[in-house]
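Take a look at the structure set out below.
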Amino acid sequence: MKLLVPIKRVPSADEPVRVRPDGTGIEDDGRAFMINPFDAIALEEALRIRDSHPDGGEVLAVCIGDSEVEAELRTALAMGADRGLRVACEASLDSLSVAKILAGVVRREGPAMVLAGKQAVDSDAGQAGPMLAGLLDWPQATFASVITFLEDGRVQVVRETDHGLETLRLCLPAVITADLRLNEPRYASLPAIMRARRKPIETLPVADLGIQPRSRVVQLRMEQSTMARECVRVADTDELLHRLRSEAKVI
Amino acid sequence: METLVLAEHDGKTLRRGTLCALTVARDLASRSGSKPVILLLGRELAAVRDDARRFGDVVVADHSLLARPTAERYAAVIADIIRAQGVRELVAAASTFSRDILPRVAAVVDAAMGGDVTACAAAEAERVELQRPIHAGAAMASFVLHGTPQIITVRAAAFPSAKPLPESEATCCLDWPLNADALPDRTEFVGLESRSTNRPELGEARVVVSGGRPLRSSEEFQAFVGGLADALQGAAGCTRALVDAGIAPNEWQVGQTGKVVSPELYVALGISGSVQHLAGMKNSRVIVAVNTDPDAPIFSLANYGLVGDLREIVPQLVRALAR
Ligand SMILES: Cc1cc2nc3c(=O)[nH]c(=O)nc-3n(C[C@H](O)[C@H](O)[C@H](O)COP(=O)(O)OP(=O)(O)OC[C@H]3O[C@@H](n4cnc5c(N)ncnc54)[C@H](O)[C@@H]3O)c2cc1C
């Protein structure tokens with residue numbers, strides 16, 4: 001089975017995000033980046049599906065962006081992806097443009113399944129997966145926490161919703177987006193990192209997909225949020241309840 | 001039908017998030033002197049239709065094939081309505097329901113979409129400036145959407161609930177002529193498993209009590225977090241640490257990748273204050289933190305901080321509240 005996993009490069013979670021004084025974006029000078037954690041989970045799941053499938057298969061990791069995103073593609077190859085594909089595109093993209101580019105790659109590659117992260121932790125939009133399903137007119141299951149293959153060729157997915165765990169069965173091909181509890185992604189071992197250097201990364205200019213990305217979500221500016229509050233340290237529960245009643249008036 | 005609100009309901013009434021989305025939709029529709037129309041999908045909708053009509057005109061797609069909100073079918077119906085009615089903007093509450101369905105609709109009708117909106121300045125007729133949190137709430141992005149149609153989901157916490165229309169104002173109801181044969185049939189709904197609770201719903205509660213990693217079992221969680229939540233008639237929430245450990249169900253997780261809440265009072269018990277957790281509760285009106293570590297980051301976001309062991313403090317609070 002051929003599985004396609006979109007990978008996004010996002011700022012590493014280890015450092016706080018700082019907005020540039022001019023509000024055009026975040027400070028990225030010298031900062032570390034990583035694979036979006038949900039994409040790493042999607043990739044891990046794809047690797048497990050490939051490795052447990054009797055007739056094997058292929059996992060294709062796809063990045064969109066300038067040459068810098070090849071670092072994350074290399075990490076994906078080190079984790080075990082068979083091939084890497086970078087769609088070369090410098091423009092800033094909204095989710096629908098991303099989905100259109102991915103749909104172009106899917107039509108070219110013909111995977112049986114796309115496994116994506118449920119959201120990217122930078123833009124926090126969570127739109128690309130279900131948009132891709134809509135463009136392809138494939139069934140979808142978002143926020144997956146368990147994926148099982150059924151004898152009849154369908155796939156069963158447990159989804160994490162606001163109202164509990166929902167179970168769906170989908171015909172393939174389908175788009176599935178990964179939630180946190182789907183699995184624990186592996187770390188790439190040193191030998192795997194060495195081997196990954198020899199794995200192929202193909203570069204495909206976005207124009208070769210016949211797509212001219214045009215974002216209709218246009219960002220005007222970005223601002224740092226301030227969340228700090230003046231914290232009153234109370235001595236005991238009596239003082240706390242007293243203040244909640246008479247000062248904050250919440251109880 | 002210029003402005004459409006996609007409703008979420010429990011079969012009887014509209015959910016509070018939908019009423020907050022309606023507030024934004026009324027604002028958007030007023031630019032052209034129109035009123036938003038409420039879209040209901042599901043099965044056996046007579047009761048909720050009556051509730052919705054208190055707030056405005058209603059379109060109803062009521063069919064056994066829509067009993068469960070699978071994205072494929074719901075998106076197909078919503079896209080049909082948008083196209084047939086020339087809808088300019090569709091507004092809904094940000095939730096797992098809309099996060100699943102609406103991006104798919106946006107792709108099908110080729111709409112620009114902005115999600116999790118927390119501010120909407122519809123002052124000018126043609127240009128609506130929207131704001132949404134990004135990077136787990138560390139930054140706010142201001143943006144505009146181009147073209148029509150447009151799809152917007154809003155954070156319920158950021159907007160007041162819409163009020164019903166005056167009783168004198170008549171509303172109408174359109175039954176959407178569903179072409180059932182054309183609906184996709186590749187997704188089978190098998191079941192929904194939810195942990196029933198008699199506490200108020202997390203996203204709608206006036207008080208939320210949440211617990212973190214120091215709670216080591218479901219029993220402990222129920223005793224301390226549940227106990228204080230019940231004493232305050234609030235909802236119970238948790239950090240991802242407890243969901244990962246299987247101690248609390250995922251629908252109770254508050255944060256960047258869980259629910260976003262903004263109750264009147266948020267009590268954080270044994271929660272360190274990771275950015276991912278703060279993203280889900282930082283807009284609560286009053287925040288109380290109980291933590292053994294006086295330097296825990298949660299205190300810099302709290303209005304009131306009590307340094308100590310939650311196992312001692314919670315029973316004291318529950319006893320005092322019972323008096
Ligand atoms: C991609 C991604 C998404 C995430 N999304 C979310 C999300 O949506 N929501 C979320 O919550 N997390 C999320 N996380 C996890 C987050 O980073 C933190 O790991 C998590 O919030 C920590 O939970 P905690 O505060 O319960 O645990 P800890 O950080 O371990 O904190 C426990 C706290 O309890 C205190 N304590 C210990 N014993 C006691 C006691 N007896 N009495 C009182 N206090 C005590 C300690 O001093 C400490 O401050 C996400 C992580 C990633 C990578």
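The values are calculated or read from the model by the stated rules, or taken from the named source; none is laboratory data. These numbers come from a predicted model, not from an experiment. With ideal geometry, Cβ positions are generated from the backbone for all residues, glycine too; neighbour counts draw on all protein chains shown. The protein model used for the area step is the full one, side chains on, heavy atoms only, and it has no ligands, DNA or RNA in it. Shrake-Rupley method; radii C 1.70, N 1.55, O 1.52, S 1.80 Å.
Just to be sure I follow: if Rg is taken over the C-alpha atoms of segment A:185-237 and Rh is the Kirkwood radius over the same atoms, what is Rg/Rh?
1.33
For segment A:142-251, what D do you get in µm² per second when you plug the Kirkwood radius from alpha-carbon pairs into Stokes-Einstein at 10 °C and 1.306 mPa s?
For these conditions, the coefficient is 74 µm²/s.
Return the ratio Rg/(2.2 N^0.38 Å) for segment A:103-193, where Rg is computed over Cα atoms only.
Cα Rg divided by the expected 2.2 N^0.38 Å: 1.16.
Segment B:97-146: which GluC sites (Glu not before Pro) are DSSP loop and have at most 14 other beta-carbon atoms within 10 angstrom?
Here the sparse-neighbourhood loop sites are B:GLU124, B:GLU126.
What's log10 of I(q)/I(0) for segment A:1-108 at q = 0.19 Å⁻¹, Debye sum over Cα points only, no solvent?
Treating every Cα as an identical point scatterer, log10 I(q)/I(0) equals -1.01.
Measuring from centroid to centroid over Cα atoms, what is the spacing of segment A:10-57 and segment B:218-254 in Å?
A separation of 29 Å, based on Cα centres.
Where does the Debye-calculated log10 I(q)/I(0) of segment A:65-109 sit at q = 0.19, 0.28 Å⁻¹, using only Cα point scatterers of equal weight, no solvent?
At q = 0.19, 0.28 Å⁻¹ the computed log10 ratios are -0.68, -1.09.
Can you find, among A:ALA248, A:GLN127, B:LEU66, the residue sitting farthest towards the positive end of the charge dipole of the protein assembly as shown, where Lys and Arg contribute +1 and Asp and Glu -1 at Cβ?
A:ALA248
Mind checking the alpha-carbon convex hull of the protein assembly as shown and giving the volume per residue in Å³?
164 Å³
Rounded to the nearest 5, what % of DSSP beta bridges with both residues in the protein assembly as shown are antiparallel?
Counting DSSP beta bridges with both partners in the protein assembly as shown, the antiparallel share is about 35 percent.
Taking only the alpha-carbon atoms of segment B:265-311, what semi-axes of the equivalent ellipsoid follow from 5 times the gyration tensor eigenvalues under a square root, in whole Å, largest first?
16, 11, 9
Using the Kirkwood formula over every pair of different C-alpha atoms, what hydrodynamic radius in Å results for chain A?
20.0 Å
Nearest 10 degrees, 0 to 90: what angle lies between the long axis of helix A:237-246 and the longest principal axis of chain A (Cα atoms)?
Long axis of A:237-246 versus the principal axis of chain A: about 80 degrees.
Relative to the longest principal axis of chain A, what angle (0 to 90°, nearest 10) does the C-alpha long axis of helix A:95-109 take?
Approximately 20 degrees, to the nearest 10.
Rounded to the nearest 0.05, what FRET efficiency do A:GLU223 and A:GLU68 have when you use their Cβ-Cβ distance and R0 = 25 Å?
E between A:GLU223 and A:GLU68, to the nearest 0.05, is 0.50.
Over 18 Å apart: what share of the alpha carbon pairs of segment B:202-322 falls there, rounded to a whole percent?
42 percent
Nearest 20 debye, what's the magnitude of the dipole of chain B about its Cα centre given +1 on Lys and Arg Cβ and -1 on Asp and Glu Cβ?
Magnitude of the dipole: close to 540 debye.
Could you give the length gained by full extension between A:GLU184 and A:HIS242, i.e. 0.36 nm per residue of separation minus their alpha carbon distance, to one decimal place?
16.4 nm
Restricting to chain B, what percent of DSSP beta bridges are antiparallel, rounded to 5?
Counting only bridges with both partners in chain B, antiparallel ones make up about 15 percent.
Charges on Cβ only, +1 for Lys and Arg, -1 for Asp and Glu, centred on the Cα centroid of the protein assembly as shown; of A:LEU93, A:LEU180, A:VAL5, which one is farthest towards the dipole's positive end?
Working it through, the farthest residue towards the positive pole turns out to be A:LEU93.
Of all accessible surface on segment B:240-323 at a 1.4 Å probe, what whole percent is carbon and sulfur?
Result for segment B:240-323: 47 percent of the exposed heavy-atom area is carbon or sulfur.
In nm, to one decimal, how far is the A:GLU58 label point from the B:ARG213 one, both placed 7 Å along Cα→Cβ?
In this crude label model, A:GLU58 to B:ARG213 measures out at 4.3 nm.
DSSP loop GluC sites (Glu not before Pro) in segment B:27-113 with at most 16 other Cβ atoms within 10 Å of their Cβ, which ones?
Here the sparse-neighbourhood loop sites are B:GLU44.
Kirkwood Rh over Cα pairs of segment B:3-182 into Stokes-Einstein at 4 °C, 1.567 mPa s: D in µm²/s?
79 µm²/s
Just want to confirm a number: the relative contact order over chain A, from Cα pairs under 8 angstrom separated by 6+ residues, in percent.
23 percent
Would you kindly calculate the mean projected area, averaged across all directions, of the convex hull enclosing the Cα atoms of segment B:114-190, in square nanometres?
10.1 nm²
Evaluate Rg over Rh across chain B, taking Cα atoms for both radii and Kirkwood's formula for Rh.
Looking at chain B, the ratio lands at 1.00.
Along the principal axes of its C-alpha atoms, what lengths does segment B:157-245 span, in descending order and rounded to whole Å?
The Cα atoms of segment B:157-245 stretch 54, 44, 23 Å along the principal axes, largest first.
Return, for the Cα atoms of segment B:3-74, the radius of gyration and Dmax in Å, separated by a comma.
Cα only, segment B:3-74: 12.2, 37 Å (Rg, Dmax).
Of B:ALA111, B:ILE81, B:PHE97, which is farthest towards the positive pole of segment B:49-140's charge dipole, taken about the Cα centre with +1 and -1 on the beta-carbons of Lys, Arg and Asp, Glu respectively?
B:PHE97
With every protein chain left in place, what is the accessible area of B:LEU202 in Å² (1.4 Å probe, nearest 10)?
Roll a 1.4 Å probe over it and B:LEU202 shows about 10 Å².
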